[in-house]
Amino acid sequence: MNESTSRQIVLAARPQGRPKLTDFRLEETAIQTLRAGQILLRVQYLSLDPYMRGRMDDRESYQPPTPLGAVMPGESVATVVASHHPGYSIGDIVLAHTGWRTHAVSDRADLRKLDPAVAPVTTGLGVLGMPGFTAYGGLRVIGKPQPGETVVVAAASGPVGSLVGQLARLAGARAVAIAGGPEKCAYVKDALGFDAAIDHKGADLAARLEAACPDGIDVYFENVGGAVWQAVLPLLNKFARVPVSGLVAQYNAPSPGDGIDQLPSTMRAILSKSLTVRGFINYDFAADHYAAFLREVGAGIAGGRIRYREDFVDGLEKAPEAFIGMLEGRNFGKLIVRVDGGSKS
Ligand SMILES: NC(=O)c1ccc[n+]([C@@H]2O[C@H](COP(=O)([O-])OP(=O)(O)OC[C@H]3O[C@@H](n4cnc5c(N)ncnc54)[C@H](OP(=O)(O)O)[C@@H]3O)[C@@H](O)[C@H]2O)c1
């Protein structure tokens, strides 16, 4: 591989609704000379995550928007290929915020070394990384499932939802999945051990969810919003907890809302059922819970109690198409771009 140039994908235009391939642009740039203390990373695996859709809009959020022409943000597993720092050697594998590119120069502030002997390095992008910690933190700190309770989560075959369901089961609760299509529903039941699975693409979601939750819902881990929230709301039990993790059904909406304003009925349910509804970004919990997450989920994977699924795409140039597909549910498991080795460069 040529280590003097880097390929990168930048934000070419702000999407109106669903992103198009022309909203992204592939560029080639020269890699800058390393200064003292810097290291050069070659990206092996790039993570694609729903939050990236929000960064494409020029809208206030918990992180600033990506400027037009800037590299798309993202975390990756990368190999150190040159080092001007004594703490990093050529060949070290790290988790880094490189963005969508083949190479990045790092000042090391945000790196976490990965040991392939502990777990496959790609787990650092999914079950043992940011999405996994979202499931762990949201459930432990807000959801607090108790034995015998019912926990519902959508996007259930993805890296967040799949761990929510498995941790709920390990806590003695009943786990009900909502997923898109029969294949994903069969996977979450047969491979992950969810007690029931509902296909949100079928007719009459509300009635099928009610039948799958005969004792109501005690924890609803909100990943999607939209029609799923409308089906969940009447089934929430008194004192139910709702960790609000994401609203992926709404990310491509050109204007806020789904056509029906659910806010009045939502507020009435929060009041009359004494619900706890709390939004969170996974790193809110990092100081108190990240070490326990790595220990407990790492041991669960090693012992076979926790499973995960990865969905690989080959080549950086395929990232835009794969990202657009993820927002519509075409990924099946944690979506990862194989950058180094996946394409000719
Ligand atoms: N708060 C935080 O710190 C934090 C951190 C990470 C992720 N999140 C959020 O967690 C959620 C899941 O993330 P992930 O990384 O695990 O994603 P993911 O499951 O790998 O991918 C997104 C999934 O969303 C589902 N989906 C898309 N549109 C939908 C719709 N209209 N109705 C129902 N489901 C729909 C699709 O699955 P189906 O085919 O099954 O429908 C799709 O595969 C996202 O909302 C994300 O923003 C939050």
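The set of residues in the range 13-30 that are in a loop (DSSP other than H, G, I, E, B) and either of a type outside the set (A, V, I, L, M) or buried (at least 17 other Cβ atoms within 10 Å of the Cβ) (or both) comprises Arg14, Pro15, Gln16, Gly17, Arg18, Pro19, Lys20.
Are any residues in the range 104-129 under 19 Å from Arg338 (Cβ atoms) and in contact with a strand residue (DSSP E or B) (Cβ under 8 Å, 6 or more places away or on another chain), and if so, which ones?
Applying the first criterion (under 19 Å from Arg338 (Cβ atoms)) to the range 104-129 yields 104, 114, 116, 119-129.
Passing the criteria: Ala104, Leu114, Pro116, Val121, Thr122, Gly124, Leu125, Gly126, Val127, Gly129.
Return the pairs, sorted by first residue and then second, in which the second residue is more than 6 Å from the ligand (Cβ to nearest atom) and at pLDDT below 95, the first residue lies in the range 314-334 and is within 20 Å of Val43 (Cβ to Cβ) and outside any loop (DSSP other than H, G, I, E, B), the beta carbons are less than 6 Å apart, and the residues are 6+ apart or on different chains. Partner pairs satisfying both residue conditions: Asp314/Gly342.
Count of the range 210-227 residues, restricted to those that are within 12 Å of the ligand (Cβ to nearest atom) and not aromatic (Phe, Trp, Tyr), is 6.
With respect to the conditions (1) surrounded by 15 or more Cβ atoms within 10 Å (Cβ to Cβ); (2) over 22 Å from the mean Cα position of the chain (by Cα); (3) on the phi > 0 side of the Ramachandran plot, Gly172 falls short on a single one, namely (1). Somewhere in the range 237-249, is a residue surrounded by 20 or more Cβ atoms within 10 Å (Cβ to Cβ) and more than 21 Å from Ser61 (Cα to Cα)? Yes: the range 237-249 contains one or more residues that are surrounded by 20 or more Cβ atoms within 10 Å (Cβ to Cβ) and more than 21 Å from Ser61 (Cα to Cα).
Return yes or no: is Glu210 within 19 Å of Arg330 (Cα to Cα) and out of contact with any strand residue (DSSP E or B) (no Cβ under 8 Å at 6 or more places or on another chain)? Taking the combined requirement at face value, the residue does not satisfy it.
The values are calculated or read from the model by the stated rules, or taken from the named source; none is laboratory data. Quick caveat, the model's predicted, so the values are computed rather than measured. Backbone-built Cβ (ideal geometry, glycine too); neighbour counts: all protein chains shown.
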